[in-house]
Amino acid sequence: MCPLAFAEGCWHNKYYMQPCPTRTGFFLSEYTTLGFQGVINLMNIKIQTKKILVAYMCVILMIFSVIACDQEKSNLPSESPNNAYEAITVIDSRGREIIFEAPPKRIISLSPAHTEILYKLELEADLVGTDTFSDFPSEAQSKPKVGDAFNINLEAIAELEPDLVYTTFDTPVAALEDMGIKVLYLFAAKDIQGVIENIALMGSITNRQNEAKNITTSMEKRIESIRSSLADKDVRERIYYELDPGLYTAGPESFIGDILDLLKTHNISEGTSNPYPQLSQEIIIESDPTIIILGDSAKYLTGGITVAEVKDRPSWHNISAIKSGRIYPFNDSLISRPGPRIIDGIDQLALLIYPEIFQDITR
């Protein structure tokens, strides 16, 4: 191959693999009749001509090579913002600064909601352990378990060598930090906006900003769609959301209460500052809910309650929801866990409460 071409690299291009000119092409018969000097002169002329042609062709091929290389670069995917990580400082629920110089790669989640967020961000490979209650998605059930808020197994956590432990309760924080383990302690989200902010925060910490943005944008659009659908709704259904057969419910200051407010309902526990108050039989009967949502339904929980059992409660037969049959079993984990599935829970609740508005809406 042409030495000049080799030196400049013009030959080595997958789009322009044409060989550079060679110095072959002289035939002995061309100068056997010219005599010695004639042969020499002819050879000199042809050699000079060949040199010019060689240089000319190599320059042309060098130009083509540059163009091809530029085309190759233009066809490459642009660098994702996820590839450039900038240090992040997070103020935790103790008011302390937690600094992230690089995205964590061995995460333990002690929060079912944040386990779901990590899976939604496609970070299951970086999730090395979870709390006992993290059971969604089903793959999370096979992750090593390290206990729960009431019984943390510090040895199991240490064996997993995490570079971040995420928790929504402060019980293990001091012990883990004494072990040299980075801990991010943040209260669970108290409203829908808090969930969206948590997803965005986890996206930033783990260098999944694009994925987090896609998730939160989709959630915001679906929430706005529900608001728009209920804009002209004036009559509010009276809701009793049961969390436990002991008549515990979700107050207006709770996460579930925020969702019931979004759905333009009248929560019968309004007026209490307790996020999860226990109501008396008398208050429930007097409030006369038009809809009863069973977050403690046997349909979704082992040992939960059935619709028939609710109907048979003493003195409940005159409650409007009992008379109309508007008692609905509901998968409470959809909205009791402040994670990405809340939007599915909101959709389902909206359909239960307002079937005439949402029955034809598909997501």
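Read the figures in this text as sums done on the coordinates, not as results from a lab. Everything numeric in this text was worked out from a predicted model, so none of it was measured. Quick reminder, even Gly has a Cβ in these numbers, built from the backbone with ideal geometry, and neighbours come from all protein chains shown.
Net charge in the neighbourhood of Gln141 (other residues with Cβ under 13 Å of its Cβ; Lys, Arg +1, Asp, Glu -1) is -3. Summarising the label geometry, the points placed 7 Å from Cα in the beta-carbon direction at Met179 and Glu282 lie 5.0 nm from one another. Put simply, the amide H of Asn267, placed in the peptide plane, has neighbours under 5 Å in Ile239, leaving out anything fewer than 5 places away on its chain.
With K and R counted +1 and D and E -1, the other residues having a Cβ less than 12 Å from that of Leu260 yield a net charge of -3. The packing ranking, built from the mean of other Cβ atoms within 10 Å per residue, places the peptides 193-202, 276-285 in the order 193-202, 276-285, highest first. Would you tally the net charge around Asn153, using a Cβ to Cβ cut-off of less than 15 Å, leaving Asn153 out, and scoring K and R as +1, D and E as -1? Value of the local net charge: -3.
Karplus-based coupling profile of segment 337-348, in residue order and whole Hz: 9, x, x, x, 7, 4, 5, 5, x, 4, 4, 5, with θ = phi - 60° in 6.51 cos²θ - 1.76 cosθ + 1.60 and x standing for Gly or Pro. For segment 172-241 versus segment 95-151, the inter-centroid distance based on Cα atoms is 15 Å.
Mind checking segment 145-203 for chymotrypsin sites (Phe, Trp or Tyr not before Pro) that DSSP puts in a loop (not H, G, I, E or B) and that have at most 13 other Cβ atoms within 10 Å? For chymotrypsin sites (Phe, Trp or Tyr not before Pro) across segment 145-203 that sit outside H, G, I, E and B with at most 13 neighbouring Cβ atoms in 10 Å, the list reads Phe150, Phe187. The GluC sites (Glu not before Pro) of segment 84-176 meeting both criteria, a DSSP state outside H, G, I, E and B (loop) and at most 16 other C-beta atoms within 10 angstrom of the site's C-beta, are Glu86, Glu101, Glu122. Coupling constants for segment 278-283 follow from the phi torsions by the Karplus curve (6.51 cos²θ - 1.76 cosθ + 1.60, θ = phi - 60°), and in residue order they are 9, 9, 8, 4, 4, 5 Hz; glycine and proline get x.
Backbone amide hydrogens, once placed in the peptide plane, bring Leu127 within less than 5 Å of Ile107, excluding anything fewer than 5 places away on its chain. Amide H to amide H, with H built 1.01 Å from N, Ile305 comes under 5 Å of Ser297, Ala298, counting only residues 5 or more places away or on other chains. A simple rule links phi to the HN-Hα coupling: the Karplus curve 6.51 cos²θ - 1.76 cosθ + 1.60 with θ = phi - 60°, which for segment 103-114 gives x, x, 10, 9, 10, 10, 10, 9, 9, x, 5, 7 Hz, with x for Gly and Pro.
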